[in-house]
Amino acid sequence: MARLLIFLFFLAGLAFIMNLNHEKSDKPLAKPERFNFDKAKEAHEKKVAELEKLKNPKPVEKKVEVVVQKGPLVELVSDELKRGHDLYAKCILCHGKRGEGKKSQKAPAVGGQFEWYLKTQITNMRDGVRINKVMNPYVRKLSDQDIADLSLYMSKLPYMGK
């Protein structure tokens with residue numbers, strides 16, 4: 001019996017609170033409006049026209065800009081850079097003209113890399129510290145001066161071919 005009385009008081013309090021909230025607002029809880037067929041038809045036609053525009057977009061003219069770089073990638077201002085440029089001619093096949101590397105041949109990007117890093121890696125490949133069967137025929141006959149010149153040239157190439 002006590003539970004029933006507590007439940008009834010709870011419902012009465014809830015109804016009272018809802019009634020207070022309703023009286024504070026000037027707007028009724030639900031404002032009935034009549035359905036306006038003309039407005040609905042107009043809105044529908046607008047949406048259908050919008051969908052037609054999306055289905056048949058106007059052809060967009062694509063502007064293609066061709067960037068032609070004038071001059072060499074690296075200014076050959078010293079004898080070291082000239083020798084490095086000549087040595088890099090063998091590397092272009094795998095590493096690319098701009099040093100961007102080729103994923104298909106698993107050749108890393110070397111353009112713009114630090115000179116000391118390139119020199120260390122090439123020396124390690126030549127001396128057998130770093131084993132690379134693909135690079136071995138190219139680097140095994142390089143002298144220390146050749147490696148220094150080649151590293152200098154590759155470090156001057158654009159970073160990542162850009």
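Some notes on this structure:
- The stretch 82-100, subset more than 14 Å from Gly111 (Cα to Cα) and buried (at least 17 other Cβ atoms within 10 Å of the Cβ), residue farthest from the chain's Cα centre (by Cα): Arg83
- Some residue of the stretch 134-141 being aromatic (Phe, Trp, Tyr) and loosely packed, with under 13 Cβ neighbours inside 10 Å: no
- Yes/no for Gln113 being surrounded by 14 or more Cβ atoms within 10 Å (Cβ to Cβ), part of a loop (DSSP other than H, G, I, E, B) and of a type in the set (S, T, N, Q): yes
- Search result, residues across the stretch 116-150 that are within 18 Å of Ala89 (Cα to Cα), of a type in the set (Lys, Arg) and assigned to a loop (DSSP other than H, G, I, E, B): Arg140, Lys141
- Any hit, the stretch 151-159, residues being farther than 18 Å from His95 by Cα and surrounded by fewer than 15 Cβ atoms within 10 Å (Cβ to Cβ): no
- Screening the candidates Leu5, Leu93 for the property of being modelled with pLDDT of 85 or more, in a helix (DSSP H, G or I), within 30 Å of Leu150 (Cβ to Cβ) and of a type outside the set (Gly, Ala, Ser) yields one hit, Leu93.
- Of all residues in the stretch 66-79, one or more are in contact with a helix residue (DSSP H, G or I) (Cβ under 6 Å, 6 or more places away or on another chain) and either without any contact (Cβ under 8 Å) to a residue 60 or more places away in the chain or in a helix (DSSP H, G or I) (or both).
The values are calculated or read from the model by the stated rules, or taken from the named source; none is laboratory data. Nothing here was measured: the structure is a model prediction, and the numbers come from that model. With ideal geometry, Cβ positions are generated from the backbone for all residues, glycine too; neighbour counts draw on all protein chains shown.
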